[in-house]
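Worksheet: the structure to be examined is printed underneath.
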Amino acid sequence: RKFVEVFPDEGDVDMLKVLRTLQEVGYPYMIMPDHVPQISGPEPRKVAFAYTFGYINAMLQAVDEN
């Protein structure tokens, strides 16, 4: 029952593999993070989501290249 929020590149899920699988099955919907880790600094939530969306975008580009 111990749950810790992590960024997509830190978790147990291989995001690149997941996105490749979604592409293979023709998944037509959006990919959106549900939660992001808490970080420090100004606008921490916005910065955390910006990083997460940037990571997802980079992974989608990597999938599209194949």
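Take every Cα pair under 8 Å in the chain that's 6+ residues apart, average their separations, divide by the length, and report that relative contact order as a whole percent. Before the final figure, lay out the partial values.
Working: 38 pairs, mean separation 26.7, N = 66.
The normalised contact order for the chain reaches 41 percent.
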Practice item. State the label only: which of (i) 0.97; (ii) 1.12; (iii) 1.22 corresponds to Cα Rg over 2.2 N^0.38 Å computed from the shown model? Key: (iii)
Practice item. Return the whole-Å distance between the Cα centroid of segment 1-22 and the Cα centroid of segment 32-66. Key: 12 Å
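Report in % the part of the accessible area of the chain that belongs to carbon and sulfur, leaving out ligands and nucleic acids; probe 1.4 Å. Let's see the in-between values first.
Working: 3040 of 5520 Å².
Roughly 55 percent of what the probe reaches on the chain is carbon or sulfur.
Provide the per residue accessible area, probe 1.4 Å, for the chain, rounded to a whole number of square angstrom. Walk me through the numbers on the way to the answer.
Working: 5520 Å² over 66 residues.
Computed with neighbouring chains in place, this is 84 Å² per residue.
Please work out the FRET efficiency for the pair D64 and E5, using the Cβ-Cβ distance as r and a Förster radius of 30 Å; give the result to the nearest 0.05.
Numbers: r = 28 Å, r/R0 = 0.92.
Between D64 and E5 the formula returns 0.60.
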**Study point:** On Cα atoms only, tilt of 44-65 relative to the major axis of the chain in degrees
**Key:** 20 degrees
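The values are calculated or read from the model by the stated rules, or taken from the named source; none is laboratory data. Predicted model, so just to flag it, every value in this text is computed and none were measured. Here Cβ is always computed from backbone atoms with ideal geometry, including for glycine, and neighbour counts include all displayed protein chains. Calculation scope for accessible area: heavy atoms of the full protein, side chains included, ligands and nucleic acids excluded. Shrake-Rupley method; radii C 1.70, N 1.55, O 1.52, S 1.80 Å.
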